[in-house]
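The values are calculated or read from the model by the stated rules, or taken from the named source; none is laboratory data. In this text, all values refer to a predicted model and were calculated from it rather than measured experimentally. Virtual Cβ from ideal backbone geometry, glycine too; neighbours counted across all protein chains shown. Surface accessibility is based on the protein's heavy atoms, side chains included, excluding ligands, DNA and RNA. Shrake-Rupley method; radii C 1.70, N 1.55, O 1.52, S 1.80 Å.
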There are 2 protein chains.
Amino acid sequence: MSEPRWLDATQQRDWRAYIDGSVRLTEIIDRDLKTRHGLSVSEYEILVRLSEAPGRRLRMAELAANASQSRSRLSHTCARLESKGLVQRDNCPSDKRGVFCTLTPEGFATLERAARDHVETVREFFVDVIDPGDLAAVGRAFAAVLKRAEDS
Amino acid sequence: MSEPRWLDATQQRDWRAYIDGSVRLTEIIDRDLKTRHGLSVSEYEILVRLSEAPGRRLRMAELAANASQSRSRLSHTCARLESKGLVQRDNCPSDKRGVFCTLTPEGFATLERAARDHVETVREFFVDVIDPGDLAAVGRAFAAVLKRAEDS
DNA sequence: AGGGAATAGTTTAACTTTCAACCATGTTCG
DNA sequence: CGAACATGGTTGAAAGTTAAACTATTCCCT
């Protein structure tokens, strides 16, 4: 149990700024998506990842990885999305354990509508308020964080 | 309904990097705090804010604001923390509607222990993997985000 | 071939968060 | 004064998330 290396004043300030800012940002984006399109962020994320996949469909495990969700959570969320008609699940013929999750036309239409508002919110509260140089730095910073998290 | 101003490739990349990285980071920090100290991030946050307050106590509303939580959520979380003996609530004599939330000695001790590990995690997965210049930029960026969020 | 381990996904129960309703006190203003 | 409204906080039910157990299938190895 050695003495911890505390953050210096600057690191402390930057870390805290990130925490406070990102919590608020998440809140705003969350509320926007929910009130205007009835979607939670995790639901939105699932639709996005599906929309980017070939044939707009993915295996559950891959979708879980892309959307950074646990399998359990994905199962629950997909059940909800399926009951709303935005997504459809089918058995995979080649691997009988597997399940494909497909974005329905309604799901795609909902996503398109939501994305329009979403991008505006992201601009208004994130992209447009950050200096372009700083934004690039944010990109590099979190890419590094992700990399570190991945290979741990 | 005008055409939305979509993000350009660079903005898209940076935004996505932030989303993916921060989700993973949150996950890691969350798990660390929970498994090693039995605290959720929101509980930890409450203890931190209390520890910084004069007399280590705050009115519920102020605490809610500092910790970016809804009043309802704070009530529930404080009830849990209180039953763990980390926090104590007392009526405010001057405003009979009010309630003071105070960090107990056990609460402070728990926080101190948790903070030691927490700072290590924050270093390992955030501060130490980010270039110092980029870290400063992250600080500026999210300060701007917070400011924008506040006055909206 | 076939036993054991790994993988895919779902389910159940426990827990946490949100939402709306609620009670009590304080404030404002005709 | 006192009626209406605002503020501080809690509560209970509904919704969402997590953790662990479970089923089914596939992979690996001798």
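Heavy atoms of chains B and A lose about 5400 Å² of accessible surface on contact, summed over both sides with a 1.4 Å probe.
Each of the peptides A:91-99, B:29-37 was scored by the mean count of other Cβ atoms within 10 Å over its residues; in descending order, highest first, they stand as B:29-37, A:91-99. Ligands, DNA and RNA are left out, and with a 1.4 angstrom probe the accessible area of segment A:20-150 is 48 Å² per residue. Between the listed residues A:51, A:98, A:29, the Cα displaced farthest toward the positive end of the dipole of chain A, a dipole computed from Cβ unit charges relative to the Cα centre, is found at A:98. Nearest beta carbon of chain B to the B-to-A rotation axis, with distance in whole angstrom: B:137, 2. Using the alpha carbon gyration tensor of segment A:20-150, what are the three equivalent-ellipsoid semi-axes (square root of 5 times each eigenvalue), largest first, in whole Å? Each semi-axis is √(5λ); the values are 28, 19, 12 Å.
Each part reduced to its alpha carbon centroid, segment B:43-93 and segment A:118-146 end up 32 Å apart.
Sorting the Cα pairs of the protein assembly as shown by distance into bins of 20 Å, from 0 upward, gives 29, 56, 15, 0 percent per bin.
Can you give me the % of accessible surface on segment A:25-124 that is carbon or sulfur? Probe 1.4 Å, all protein chains present, nothing else counted.
Details: 2500 of 5150 Å².
For segment A:25-124, the apolar C and S fraction of the accessible surface comes to 49 percent.
Tell me whether segment A:1-57 comes out rounded, prolate or oblate; compute the Cα gyration tensor, take square roots of the eigenvalues as a ≥ b ≥ c, and use a/c under 1.5 as the rounded threshold.
Working: a/c = 4.08, a/b = 2.10, b/c = 1.94.
Prolate, since a/c reaches 1.5 and a/b exceeds b/c.
In a reduced charge model with +1 at each Lys and Arg Cβ and -1 at each Asp and Glu Cβ, the protein assembly as shown shows a dipole moment near 1000 debye about its Cα centre.
Partner shielding of B:22-29 amounts to 6, given as the average count of beta-carbon atoms from other chains within 10 Å of each residue beta-carbon.
Quickly estimate the mean residue ellipticity at 222 nm for the protein assembly as shown, helices only: each DSSP H run with n ≥ 4 gives -39500 (n - 2.57), and the total goes over all residues, rounded to 500. All intermediate terms of the calculation are to be shown ahead of the outcome.
Values: 12 runs with 202 residues, N = 304.
Result for the protein assembly as shown: -22000 deg cm²/dmol, rounded to the nearest 500.
Need the full-extension length gain, residue A:106 to residue A:147, defined as separation in residues times 0.36 nm minus the C-alpha distance. One decimal, nm. Write down the numbers at each step before the final one.
Working: separation 41, 0.36 × 41 = 14.76 nm, distance 3.51 nm.
Going from the current span to full extension adds 11.2 nm.
The relative contact order of chain A, computed from alpha carbon pairs under 8 Å that lie at least 6 residues apart in sequence, is 20 percent.
Would you mind working out the magnitude of the charge dipole of segment A:20-150 relative to its Cα centre, with +1 at each Lys and Arg C-beta and -1 at each Asp and Glu C-beta, to the nearest 20 Debye?
Working: 21 positive and 20 negative charges, 135 e Å.
Computed about the Cα centre, the dipole is about 640 debye.
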